[in-house]
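All remarks here apply to the structure that follows.
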Amino acid sequence: WMLRMYIIAKFVSSISYFAYPVKAYMAVCNVFVFSLSIPIASYFAAKNFVPLYRSFGSVSAYGFLEERSGRWARVYASSCYLLTQVARMGSILYLLALPMNALLGWDIKMIIVLTSVAIIAYSMLGGLKAVIWTEAIQGFILIGGAVVCLCVLMFKMSEGPAQVFQIAITDQKFSLGSFGSSL
């Protein structure tokens, strides 16, 4: 359960809390399709891939790639992953700093630096175990917060959840966007 929650929590971030709702408000809810698939994908990954990697004596997909295709495959795949994560981390830290700046008045750069130092410190001191536990606890908190927000949104409307769905249908919020071939 901890590994599954860790995988889910890796994809729940300030992007999920700030960027996706704004995008859904401005356009359609297609950004949430990825979020809704995360629990299914994490279950599938924890059930199938983790045992597969362990059966080969590998601790990760990158070690598995090296065993199957050589060192170049591991270096290439891990380099691409690291570049993607650096960009993602920058977005997440910035989106975290924006509300903290609004709430506390602290400088955005200072918030990013302090958050980064704290994350590096607990990761170095506690190792992988600290990272997995922190992500899992964060996942419970963020998902719990999302459920509370959803309940408030649904039941604070004068006509209840039916009104929310009626507004969403009227504004075509359940659309996944255009399936046309035009760019």
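The values are calculated or read from the model by the stated rules, or taken from the named source; none is laboratory data. Treat the numbers as computed from the prediction; the structure is a model and nothing was measured. Heads up, the Cβs are rebuilt from the backbone with ideal geometry, glycines too, and the neighbour counts pull from every protein chain shown. Protein only, heavy atoms only, side chains kept; ligands, DNA and RNA dropped before computing areas. Shrake-Rupley method; radii C 1.70, N 1.55, O 1.52, S 1.80 Å.
Under the rule a/c < 1.5 gives rounded, and otherwise a/b versus b/c splits prolate from oblate, where does segment 3-54 land using the Cα gyration tensor? Prolate is the answer for segment 3-54, as a/c is 1.5 or above and a/b outweighs b/c. Enumerate the helices in the chain for which the Kyte-Doolittle hydropathy averages 1.6 or more and the C-alpha atoms extend at least 24 Å along the helix's axis, using complete DSSP H runs. Span-like helices here: 108-155. Ordering LEU52, SER16, PHE34 by Cα displacement along the dipole of segment 13-115 toward the positive end leaves LEU52 in first place; charges were set at the Cβ atoms of Lys, Arg (+1) and Asp, Glu (-1). Only Cα pairs under 8 Å and 6+ residues apart enter the sum, and on that basis the relative contact order of the chain stands at 35 percent. With a Cα cut-off of under 26 Å and a minimum spacing of 8 residues unless on different chains, the lysine pairs in the chain number 9. Between segment 132-147 and segment 1-28, the C-alpha centres lie 11 angstrom from each other.
To put it simply, the accessible area of segment 75-164 at a 1.4 Å probe is 78 percent carbon and sulfur.
Rounded, prolate or oblate: which fits segment 129-183 when a ≥ b ≥ c are the square roots of the eigenvalues of the alpha-carbon gyration tensor, with rounded for a/c under 1.5 and prolate only if a/b beats b/c? Note, shape of segment 129-183 comes out oblate. Computed 3J(HN,Hα) for segment 45-51, one whole-Hz value per residue from the Karplus formula 6.51 cos²θ - 1.76 cosθ + 1.60 where θ = phi - 60°, is 5, 5, 7, 10, 6, 4, x, glycine and proline marked x. Rounded to the nearest 0.05, what FRET efficiency do MET154 and LEU36 have when you use their Cβ-Cβ distance and R0 = 22 Å? Computed FRET efficiency for MET154 and LEU36: 0.85.
Shape verdict for segment 1-147, please, from the Cα gyration tensor: rounded (a/c under 1.5), prolate (a/b greater than b/c) or oblate. Prolate. Once the 1.4 Å probe is applied to the protein heavy atoms, the chain comes out at 71 Å² accessible per residue.
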